[in-house]
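Below is one structure, written out as structure tokens; the observations come after it.
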Amino acid sequence: MVMRFQQVMVSVLASAAALWLPSASAGSFGISPLRLELAGQVRTAVLTVRNDEDAPALIQAETLAWTQDDGQEKLDPTVDLLVSPSVFTLPPRGTQLVRVALRSSPDPTRELSYRVILQEVPPEASPDFTGLRVALRLSIPLFVAPTTPASQDLAWSATYDPSGAIVVRADNNGGAHARVLGLTLTPESGTGPALQDTVAGYVLPGQFRTWTLQNNDKTRDDSIASAARYRLKANTQQGEIVAELTPAR
């Protein structure tokens, strides 16, 4: 699979600024694959980066350690991986192979997680350019398998937040990551709205992630706080998970 990025804003501020400026400029390039996996016997992976524009693009590549601290994404510098080339120029409509090599040893029992960052360096603007130049920044997940077999192990719970919405939490007690593609929460009584979230996200080993679900159908009078128990259906990369939840108040 190839992912294409075109006119991508690297931050909310940049997106907002573009609304007020005469023009915005950004490149466009594709990358494949969308995820990298390494192990003790497979210590090198290759990314293919393709330029979809008629102008060259200068790209910087780096690797960062990826963790989830108290449910929040965290990226830190690392020497565990080597990326080559770390700086390169994509020719117009051309491609570049980027190799990522594992320098350290895998963990015995738990999968390690990293991010490969590809950052576009925008060219110097001409004196008469009055718009906004936007640099693309792509983040590719990379996982290093442990030396012993490991799998995900998600434990689900739920609480009500002060607004009445339901916060669903998934704790990964396993040694490998889980990827949740979407989830649905349905009152066990059969009355009240079904609550959904279709935003995909990873839950790393030993970490947790939360989703806040609320009734956005203003035409219904059903209160999501009226049900005592809910049935959760989570669509994950490893298959569907069904759980019964009693939200804590």
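Does PRO187 fit the bill of being over 30 Å from ASP80 (Cβ atoms) and either assigned by TED's automatic domain parsing to the domain that holds THR63 or not hydroxyl-bearing (Ser, Thr, Tyr) (or both)? Yes; evaluated as a whole, the condition is true for this residue. Close Cβ contacts (under 6 Å, 6 or more residues apart or on different chains) running from residues in the range 182-203 that are in contact (Cβ under 8 Å) with a residue 24 or more places away in the chain to residues that are basic (Lys, Arg) and in a strand (DSSP E or B) comprise THR184/LYS233; THR186/ARG231; GLU188/ARG231; TYR202/ARG179; VAL203/ARG209. Restricting the range 110-134 to residues that are in contact with a Ser or Thr (Cβ under 6 Å, 6 or more places away or on another chain) and at pLDDT 95 or above, the residue that is farthest from ILE31 (Cα to Cα) is TYR114.
Tell me, please, whether a residue that is surrounded by 18 or more Cβ atoms within 10 Å (Cβ to Cβ), polar (S, T, N, Q) and outside any strand (DSSP E or B) can be found in the range 186-209. Taking every residue of the range 186-209 in turn, at least one turns out to be surrounded by 18 or more Cβ atoms within 10 Å (Cβ to Cβ), polar (S, T, N, Q) and outside any strand (DSSP E or B). The combined condition, being more than 30 Å from TRP211 (Cβ to Cβ) and either exposed (fewer than 13 other Cβ atoms within 10 Å of the Cβ) or touching a helix residue (DSSP H, G or I) at 6+ places or on another chain (Cβ under 7 Å) (or both), is not fulfilled by ARG99. How about the range 170-185: which of its residues are assigned to a strand (DSSP E or B) and in contact with a Phe, Trp or Tyr (Cβ under 6 Å, 6 or more places away or on another chain)? Residues satisfying the conditions are ALA170, ASP171, ARG179, LEU185.
Taken over the range 66-79, the residue count meeting the criterion of being surrounded by 12 or more Cβ atoms within 10 Å (Cβ to Cβ) and more than 14 Å from the chain's Cα centre (by Cα) is 1.
Every condition in (1) part of a loop (DSSP other than H, G, I, E, B); (2) over 21 Å from VAL121 (Cα atoms); (3) touching a residue at least 40 places away in the same chain (Cβ under 8 Å) holds for VAL79 except the one numbered (3).
One residue stands out among those in the range 152-179 that are under 20 Å from TYR114 (Cβ atoms) and without any contact (Cβ under 8 Å) to a residue 60 or more places away in the chain: the one that is nearest to the chain's Cα centre (by Cα), which is ARG179.
Quick grid of which residues meet (1) at pLDDT below 95; (2) aromatic (Phe, Trp, Tyr); (3) part of a loop (DSSP other than H, G, I, E, B); (4) not assigned by TED's automatic domain parsing to the domain that holds ILE140:
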residue	(1), (2), (3), (4)
LEU13	yes, no, no, no
ALA16	yes, no, no, no
TRP20	yes, yes, yes, no
PHE29	yes, yes, no, no
GLY40	yes, no, yes, no
THR48	no, no, no, no
ASP54	yes, no, yes, no
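Residue-by-condition table, conditions (1) of a type outside the set (Val, Ile, Thr); (2) at positive phi; (3) without any contact (Cβ under 8 Å) to a residue 40 or more places away in the chain; (4) not in a loop (DSSP other than H, G, I, E, B):
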position	(1), (2), (3), (4)
GLN60	yes, no, no, yes
LEU75	yes, no, no, yes
VAL100	no, no, no, yes
PRO108	yes, no, no, no
ILE117	no, no, no, yes
LEU138	yes, no, no, yes
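The values are calculated or read from the model by the stated rules, or taken from the named source; none is laboratory data. Everything quoted here is computed from the prediction, not taken from an experiment. Backbone-built Cβ (ideal geometry, glycine too); neighbour counts: all protein chains shown.
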